[in-house]
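Novice: Below you will find the structure I want to go over with you.
FYI, it's all coordinate maths here, none of it is from the lab. Everything quoted here is computed from the prediction, not taken from an experiment. Positions of Cβ are generated from backbone atoms using ideal geometry, with glycine treated the same way; all protein chains shown enter the neighbour counts.
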Amino acid sequence: MDATETGVSVGVIGLGYVGLPLAVEFAEAGHRVVGLDVDGSKVRALRAGRSYIEDISSDRLAAVSDRIHATTRYADLAQVDAVIIAVPTPLTENREPDLQPLISAGSALAGVLQQGQLVVLESTTYPGTTRDRLGPLLEESGLRAGRSFNLAFSPERIDPGRTDFTLRTTPKVVGGLTPACLQRAVDLYSTVCDEVVSVSTPEIAEMTKLLENIFRTVNIALVNELAMLCDRMQIDVWEVVRAAATKPYGFMSFSPGPGMGGHCLPVDPFYLAWKAREYDMQTEFIELAGEVNAAMPYYCADKVAKALNDEAKPVRGSRVAILGVSYKAGVGDLRESPALKIMSLLSEQGAVLSYHDSYVPELSRFGLASRPLEEVLQDADVAVIVTVHPDLDVDRIVGAAPAVVDFRGVTRARAATSGAAKQPARG
Ligand SMILES: NC(=O)c1ccc[n+]([C@@H]2O[C@H](COP(=O)([O-])OP(=O)(O)OC[C@H]3O[C@@H](n4cnc5c(N)ncnc54)[C@H](O)[C@@H]3O)[C@@H](O)[C@H]2O)c1
């Protein structure tokens, strides 16, 4: 053990967007970390000192590589003091919670669980999962939750690509099965977070995360609906949002866009909607927000068709350049990306697609590779701005594309000076 190393070791199950930054943060705080993933390619990359997550540079990883042991073997978790679970919690095809990754991680962990270990679930899920699903799975080890091992839930608040708030500066909510479970989890997270917020049960912590995400989903749907109305009324929705945001209280600004993507917002609310049905409740805000947001890519595809129509061109055979295909700026994550839905809809209508995205080199499902911006603009009948990565040259787009459809409101300032002929269609 070197001088800065703590005595507490931490295991992290699931080394994705949530788990890898956690593992690195714990290692930086001096903990010995065992990082486990079923995906051997991730484990190999980490062993080779290569990060596959934008927020973690390979340099940062290299600085703590002697403290992180990457593995696919659950047996390696038998030696750690605390285990954090950060596996995916997706939906099934019927849009119901798919706890299979969590069940398989919990069962495998039960096989190696040790007396006195702390287990914390971080995956987003419906209230009751930690106590009623994970607890019994772990108890198959013969150990008792809250007595022979500690169990807690702590939602992850990471926002990939964000730099103004980090894991350390974002308050961390924790709920334990017992006061002792809570205390152990608080002690652990206090080594990597400046502020730890204790709540009275795991269910409160689970519901807190869902409230945060549902709040965003509903407000995004609201502003998206307003954007569609503003488009019909020829009112600039971005100017409206910016003006409303000058109110110093009682208003929080959300930007319209092409729909929601990522692993969280399009998925998590339906965990609660599903659970609510057990209590004879229809969570109507969630369903309605889901409907509005899911309709956005259809609206976007129609906007592209209209922009082509204005140029006297049909969708069939027209060359459409999609700019930005990941679901958000600054990351290459394609999960639930509305760009992919827009591309499918346009492709079904016969459009000839190309794309530029500096974070996504290939889109195998479309048989496409990202092409340089200049090249896609030169060849396009219309350029469609879907996701604005920090390096996207908006001036060049407005200058070079024959028509621009902008779903992020970034060409508005340029449109004012570039003349009506190139006026971008509103998103
Ligand atoms: N990505 C985000 O911005 C974010 C933010 C907050 C919360 N969350 C939540 O955190 C959880 C993880 O999300 P993510 O984005 O990191 O997912 P991810 O897909 O990026 O990473 C999950 C990892 O878990 C691994 N895995 C799957 N099953 C496993 C198993 N049985 N044993 C070991 N490893 C296994 C996968 O191979 C993958 O590497 C989800 O519940 C998500 O809702 C995500």
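Novice: Restricting to the stretch 1-158, compute how many DSSP beta bridges are antiparallel as a %, nearest 5.
Specialist: 5 percent
Novice: Based on Cβ point charges of +1 for Lys and Arg and -1 for Asp and Glu, what charge dipole magnitude is obtained for the stretch 1-104 about its Cα centre, in debye rounded to the nearest 20?
Specialist: So the magnitude is around 280 debye.
Novice: Work out the length of the dipole vector of the stretch 233-282 about its Cα centre, built from +1 on the beta-carbon of each Lys and Arg and -1 on the beta-carbon of each Asp and Glu, and round it to the nearest 20 debye.
Specialist: Computed about the Cα centre, the dipole is about 100 debye.
Novice: Using only helices, what value at 222 nm comes out for the chain when you add -39,500 (n - 2.57) per DSSP H run of length 4 or more and divide by the total residues, to the nearest 500 deg cm²/dmol?
Specialist: Helices in the chain give a 222 nm mean residue ellipticity of -11500 deg cm²/dmol.
Novice: Go through His69, Gln100, Gly16 and say which Cα lies farthest out towards the positive end of the charge dipole of the chain; charges sit on Cβ, +1 for Lys and Arg, -1 for Asp and Glu.
Specialist: Gly16
Novice: Next question, about the same structure. Longer than 30 Å from Cα to Cα, which of Lys172/Lys275; Lys209/Lys341; Lys42/Lys303; Lys209/Lys328; Lys275/Lys303; Lys247/Lys328 are they? Say none if no pair is.
Specialist: Lys42/Lys303; Lys275/Lys303
Novice: Compute, for the stretch 54-187, the length of the dipole vector about the Cα centre, with Cβ point charges of +1 (Lys, Arg) and -1 (Asp, Glu) only. Units Debye, rounded to 20.
Specialist: 420 debye
Novice: Taking H as built 1.01 Å from N, whose amide H comes closer than 5 Å to the amide H of Val12, not counting residues under 5 places away?
Specialist: Long-range HN contacts for Val12: Val34, Gly35, Leu36, Ile84.
Novice: Please work out the Cα center distance from the stretch 83-101 to the stretch 355-384, rounded to the nearest Å.
Specialist: Value for the Cα centre distance between the two parts: 32 Å.
Novice: Determine the percent antiparallel among the DSSP beta bridges restricted to the chain, to the nearest 5.
Specialist: 10 percent
Novice: Taking the 0 to 90 degree range and rounding to the nearest ten, how far is the long axis of helix 338-348 tilted relative to the main principal axis of the chain, both from C-alpha atoms?
Specialist: Computed tilt is about 50 degrees.
Novice: For the chain, place one equal point scatterer on every Cα, skip the solvent, and apply the Debye formula. What is log10 of I(q)/I(0) at q = 0.06, 0.08, 0.13, 0.14 Å⁻¹?
Specialist: -0.29, -0.50, -1.14, -1.25
Novice: Another question, then. Could you list Val10, Val267 so that the one with the fewest beta carbons within 10 Å of its beta carbon is first and the one with the most is last?
Specialist: Val267, Val10
Novice: Specify the angular offset, from 0 to 90 degrees and rounded to the nearest 10, of the alpha carbon long axis of helix 179-189 from the longest principal axis of the alpha carbons in the chain.
Specialist: Orientation of helix 179-189: about 60 degrees from the principal axis.
Novice: Taking 30 Å as R0, compute the FRET efficiency from the Cβ-Cβ separation of Asp59 and Thr169 and round it to 0.05.
Specialist: Rounded to the nearest 0.05, the efficiency is 0.90.
Novice: Provide the net charge surrounding Lys328, with neighbours chosen by a C-beta distance below 14 Å and charges set as Lys +1, Arg +1, Asp -1, Glu -1.
Specialist: -2
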